[in-house]
1. If a/c stays under 1.5 just call it rounded; otherwise compare a/b with b/c (prolate if a/b is bigger, oblate if not). Do that for the stretch 71-127, with a ≥ b ≥ c from the square roots of the Cα gyration tensor eigenvalues.
2. Would you list, by chain and number, the aspartates and glutamates whose Cα falls below 14 Å from the Cα of Lys43, excluding same-chain residues fewer than 8 positions away?
3. Okay, helix-only estimate at 222 nm for the chain: each DSSP H run of n ≥ 4 adds -39500 (n - 2.57), divide by all residues, round to 500 deg cm²/dmol; what do you get?
4. Give the shape of the stretch 6-72 as rounded, prolate or oblate, defined through the alpha-carbon gyration tensor: a ≥ b ≥ c are the square roots of its eigenvalues, a/c under 1.5 means rounded, and otherwise the shape is prolate if a/b is larger than b/c and oblate if not.
5. For the chain, with a Gaussian network of springs between Cα atoms less than 10 Å apart, report the residue from Asp12, Asp36, Asp46 with the top mean-square fluctuation.
6. Give me the distance in nm between label points sitting 7 Å out from Cα along the Cα-to-Cβ direction at Lys69 and Lys43, one decimal.
7. With point charges of +1 on the Cβ of Lys and Arg and -1 on the Cβ of Asp and Glu, referenced to the Cα centre of the stretch 6-127, which listed residue (Ile108, Gly75, Ser14) lies farthest in the positive direction of the dipole?
8. Please list, by residue number, every one of the trypsin sites (Lys or Arg not before Pro) in the stretch 35-105 that is coil in DSSP and has at most 14 other beta-carbon atoms within 10 Å.
Amino acid sequence: ITRFNIVIDGYDLSKDMLELCNREVYLNLYVFDFNDNHNDCKKKYDIITCCGTFTHGHVEISRITQMFKYLKNNGYLVFSVRKSFYEKYNCESKLEVIFQTGFEIIEIVEKKYLEEEGAIYYIVKKI
């Protein structure tokens, strides 16, 4: 990706998952827990993508605010929420409240995620 002058970093709770990443794509890989308030990432990103995080037994939807700290103004957050998690924990109304100030929801779509279940995908701009 260097020919486009793009930096892609990877973050995951699991060191084992990071070891599966293609090192030709990612510049840096970090073990990172979005449930931990004491994480200290000094970087700011133009785009953050997040898939497989907001689901049963992983990360609460309210923790999405942790990602905001690492997003530049006018940056985009693209993320998915597993449909059963979205419905069970009333994520739609929680996200509406979270995104009321300082964010513009660009798009929300429901698409396939796993063979047995779909997900809700958001594209949100920090303003």
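Bear in mind that the values in this text are calculations on the coordinates, not laboratory data. This one's a predicted model, so the numbers in the text were calculated from it and none came from an experiment. Here the Cβ positions follow ideal geometry from the backbone for every residue, glycine too, while neighbour counts run over all protein chains shown.
1. It is oblate, given that a/c is not under 1.5 and a/b is not larger than b/c.
2. Asp9
3. -4500 deg cm²/dmol
4. Oblate.
5. Asp36
6. Each label point lies 7 Å from its Cα, and together they span 1.6 nm.
7. Among Ile108, Gly75, Ser14, the one farthest towards the positive end of the dipole of the stretch 6-127 is Gly75.
8. Qualifying residues, ordered by number: Lys42, Lys43, Lys44, Lys69.
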